Structures are given as structure tokens and as C-alpha cells.
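The values are calculated or read from the model by the stated rules, or taken from the named source; none is laboratory data. This is a predicted model, so every value here is computed, not measured. Cβ sites come from the backbone with ideal geometry, for glycine too, and all protein chains shown count toward neighbours. Quick note on the areas: whole protein, heavy atoms, side chains included, nothing else; ligands and nucleic acids left out. Shrake-Rupley method; radii C 1.70, N 1.55, O 1.52, S 1.80 Å.
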Amino acid sequence: MIKLSVIVPVYNTGKYLKKCLNSLVNQTLKNIEIIIVDDGSTDNSKSIIKKYSKKYDNITPYYLKNGGVSRARNYGIKKAKGKYITFLDSDDYIDLNLYEKMYSKTKNNPDVVECDYIWEYSDKSVLDKYDNSINPMLAIRAVVWNKIYNKNFLNNTGVLFHEDVHFEDVEFCYELFLHQKTREYVDDAFVHYIQRKNSITDDKSDKLMNIYVVLDSTIKYYKNNKKYKKYKDELEYLYMRYTYGSSFKRILRVKDKKRRCELLKYGYNKLISAYPQYKKNKYLKMKTIKNIYYKSINKFTYKLYSNILRKIYRD
């Protein structure tokens, strides 16, 4: 029996790929399959994949025309044979006992098992630890590679990755949450999330607004499943948090001033249009520094903060 299927989408990550694959083929958990989906790489990634797949019997490679990470992951899901499924980006790496530790939590067949992870910068490492003190939906860390998913659970939900957009993890995680009934947590960090400079903030700034494509799609999904009313406050708070948080930071890294201003205006207007009364959200009553910041934002301070914080985030 294959215990775990690890799906690795690859696109031009030859510089990092060997370290990623070495961390997989040396896992202490046995009976795992490694599904590598090359998404039309034009660098040396393909030759590395071929070399590893010849050497290791549990590696199965697939070669597709370029179609994006979501399509590659969805393709891998269809090919997976393991009791559980997980994902790993090809420029990241994991500790060698990660999957053994995670799989040890599956005795009662939970829908999802999750662990902490480490943000790896060039000059520092930062632990990302699960916060169990807040609402479970607001505590979601919208990444897929620090979790293993029960294959039957995943298939029964019908949830797949939204193709042809960025920030696909966000929609995937929040849609799965709607179905998730059982979850296990491993209180340790095994995944090393490598932080690279991303060209999306330079020559592909339009894709920054894909966050609203996936947020709007998630809201539609909750409405279609007749769960929007139940989770309206959480969805409203998340919409605001992405607008004034991670999306705001990414926009501030856009070099072209005119384009940066257009994106900032678009994000602000999207929030006001979707949730004009967001400042009455019950979660804004929590006494946190971030909430003080969120509540202070209006048309004037939004522009002021963008000018001040750009000096911090532009690098």
C-alpha cells in the first residue's frame, strides 16, 4: 500500500530542484510515491528529473506543456495512488522525518494533518506557528505544502486548484475548510519555505489582482454551498485582511508609480464594493495591533500608509 503521494510541480527550478528531491528520496517514511509534474521547463529541470527518476523507483515523472502550477497539481492528484496526498514546491525542501511524523497522526483517518513551517530568507529564518487562539477559519494558513490530505476526503469534496490564476492556494484551502471535519496537528516545523525575489511585482503586476479573483470565487463557492451566511463575518474579515495585508505589501513592491497607484486604488475599491460596512465586523473588536491598523484606514490614511510603508517593503 502506498501511504503517501507527494506531488511536485516543476517549472524552471533547476537551481533548487536537487535539494528538493534529495529531501524527498531520503524520507524516513517508506511506501511513498513522488509524482513530479514538469510544467514545460526550459532550463535543466527536465534533465535532473530524468536522472532522479532513473535512480529511484518511487519517482514517477510526467511532462506537460506549460499550463501553470494549478494544472500541474490537478494532474498529479488524478495520478496519485496514496492513502494521503501532499504537495511540495520544487524550490523548497523538507526535513527528512517530515512525512513519517505527519503520517503517524493518521491512525484515525483525519481529513487533514498539518504542521508548522519556516520562512527561509537569505539572512534569517522565521517560524510560522499555528495560532489556535483565534477562530479556526481565520487561523488557516493558506498554503498546501505543510499539510497531508486524506485522498478519499479530497476526492469526495471535488475541490481542485483554480487554474490560470495566482494565489490558487488561498481558494483551495478555504474551500476545503468548508468540508473538513477532522484535523490533526504536528507541533513542529519541517518545511523550509524559500523566499525568492518574485518577478510578479515587476513585469507581471496585473497578476497581483488575481487575489480578488480567488477571493470572489471562494465567496461564490460558499454561497453555492449555502454556507455564506454562516461564514459571512469570517469571509468579510479575510477580504479586508488580504487587501490591507499581504496584497498591500506586494503592490508596494511594484516599481512603476502609476501602475502601483492604479493597483492600490483597485484593491481599496474592491473591498469597499464587496463589504462597505467591514469596519463593523465583529473580529475587528479583537484588541490587536493589526486591528488598530485596519480600523485606522480610510481613503486618506490608505494613501499615507502606502507612501510610508513603500520604503520598508520595496526591497
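What the table shows:
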| read-out | value |
| --- | --- |
| Residues that are under 27 Å from Asp43 (Cβ atoms), in contact (Cβ under 8 Å) with a residue 24 or more places away in the chain and open to solvent by 50 Å² or more (accessible area, probe 1.4 Å), drawn from the stretch 70-92 | Arg71, Tyr75, Lys79 |
| Given (1) crowded, with 18+ Cβ neighbours inside 10 Å; (2) over 14 Å from Phe177 (Cα atoms), number of the condition Asn150 does not satisfy | (2) |
| Elements of type helices (runs of 4 or more DSSP H) in the stretch 209-315, at least 1 residues being farther than 26 Å from Leu178 by Cβ, open to solvent by less than 70 Å² (accessible area, probe 1.4 Å) and among the hydroxyl-bearing types (Ser, Thr, Tyr) | 257-274, 289-296, 299-313 |
| Matching residues in the stretch 113-134 - criterion: being more than 29 Å from Met286 (Cα to Cα) and either part of a strand (DSSP E or B) or without any contact (Cβ under 8 Å) to a residue 24 or more places away in the chain (or both) | Glu120, Asp123, Lys124 |
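Residue-wise test of (1) closer than 16 Å to Thr86 by Cα; (2) under 13 Å from the mean Cα position of the chain (by Cα); (3) in contact (Cβ under 8 Å) with a residue 24 or more places away in the chain.
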| site | (1), (2), (3) |
| --- | --- |
| Val143 | yes, yes, yes |
| Asp164 | no, no, yes |
| Glu171 | no, yes, yes |
| Val186 | yes, no, yes |
| Tyr193 | yes, yes, yes |
| Tyr222 | no, no, yes |
| Tyr244 | no, no, yes |
| Ile251 | no, no, yes |
| Val254 | no, no, yes |
